[in-house]
Amino acid sequence: MGVIGRFLKLTTTGGVATIGAHFIWTRNSHVEPLPRTDYLFTSPSYKRLNPNENAVLSDDCIRRVPLSQIDPKLLEKKGKLAEKFCAGVWGGLGYAFQRQYLAKKYQGPKTAHQLWSTNELISSTYEVGTEITDHFQVVEKTDNRIVVRCGDSPLKRDVRESDGLFEMSVDVKKDEGVAEFHLKSVFFNGLSGTKAEGSIMPWHIELLHREYSKIWMESALRNVYA
């Protein structure tokens, strides 16, 4: 997963994670293994992009937030909370360094239709087909989840060597008085990947990915707070 690995190294070691308060800031987010029973593994996109069922690296970054801390307007209409959470992922501080890196390399006439500026990223409703900084494309949207394809340019439509799915979702649990936010990742080599689980990324890249997921989570939540 060369492209993903390079971004994780650059973004996590050179960006927000260098702040000494990183572990305090992200202490309420935790990362768990993503069970094979999760929807992402049965989704049409996963079956199409990983037709040979090659090995994956997958996890789920989870954060529970009291409903009293969330902008009440986002709870009035179905889908708005998920949209704002998604917009916070891409338009927030956690993605700023990676966005700038991608813009320097790939922003141009061929990618002019994609979302690039902070204003575009924070205001988009992320409909299916939306392309983000030449590295992500929305492939599914429901009231509580938005799923993007990741790993390489969305201009490459076929099965790819560097590929994956990334889900931003929220489960409002009114009986518990909380909203549970998720950032779910599934990475794989759709062309010639190994069948051995856990061998598609070096351990240190996997560790950086988990820490970056926590940064993304905390940054995105700023867009939904009251």
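When every residue of the range 206-225 is checked against the conditions, at least one turns out to be at pLDDT 95 or above, in a loop (DSSP other than H, G, I, E, B) and β-branched (Val, Ile, Thr).
Residue check: residue 161 meets all listed conditions (1) surrounded by fewer than 20 Cβ atoms within 10 Å (Cβ to Cβ); (2) under 15 Å from residue 29 (Cα atoms) but one, namely (2).
For the range 1-60, a tally of residues being modelled with pLDDT under 75 and aromatic (Phe, Trp, Tyr) returns 3.
Table: residues versus (1) within 28 Å of residue 77 (Cα to Cα); (2) hydrophobic (A, V, I, L, M, F, W, C); (3) part of a loop (DSSP other than H, G, I, E, B).
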site	(1), (2), (3)
95	yes, no, no
98	no, no, no
110	no, no, no
121	yes, yes, no
126	yes, no, yes
143	yes, no, yes
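Within the range 62-114, the residues that satisfy the criterion of being within 14 Å of the chain's Cα centre (by Cα) and farther than 17 Å from residue 224 by Cα are 96, 98, 99. Candidates are the residues of the range 137-158 that are touching a helix residue (DSSP H, G or I) at 6+ places or on another chain (Cβ under 8 Å), farther than 13 Å from residue 83 by Cα and modelled with pLDDT of 95 or more; the one that is surrounded by the most Cβ atoms within 10 Å (Cβ to Cβ) is 149. Considering the range 111-157, the residues that are in contact with a Leu (Cβ under 9 Å, 6 or more places away or on another chain), β-branched (Val, Ile, Thr) and without any contact (Cβ under 8 Å) to a residue 24 or more places away in the chain include one that is farthest from residue 45 (Cα to Cα), namely 130. Here residue 170 meets each of (1) in contact with a helix residue (DSSP H, G or I) (Cβ under 6 Å, 6 or more places away or on another chain); (2) surrounded by fewer than 21 Cβ atoms within 10 Å (Cβ to Cβ); (3) in a strand (DSSP E or B) with one exception, condition (2).
The values are calculated or read from the model by the stated rules, or taken from the named source; none is laboratory data. All values reported here derive from a predicted model rather than from experimental measurement. Cβ sites come from the backbone with ideal geometry, for glycine too, and all protein chains shown count toward neighbours.
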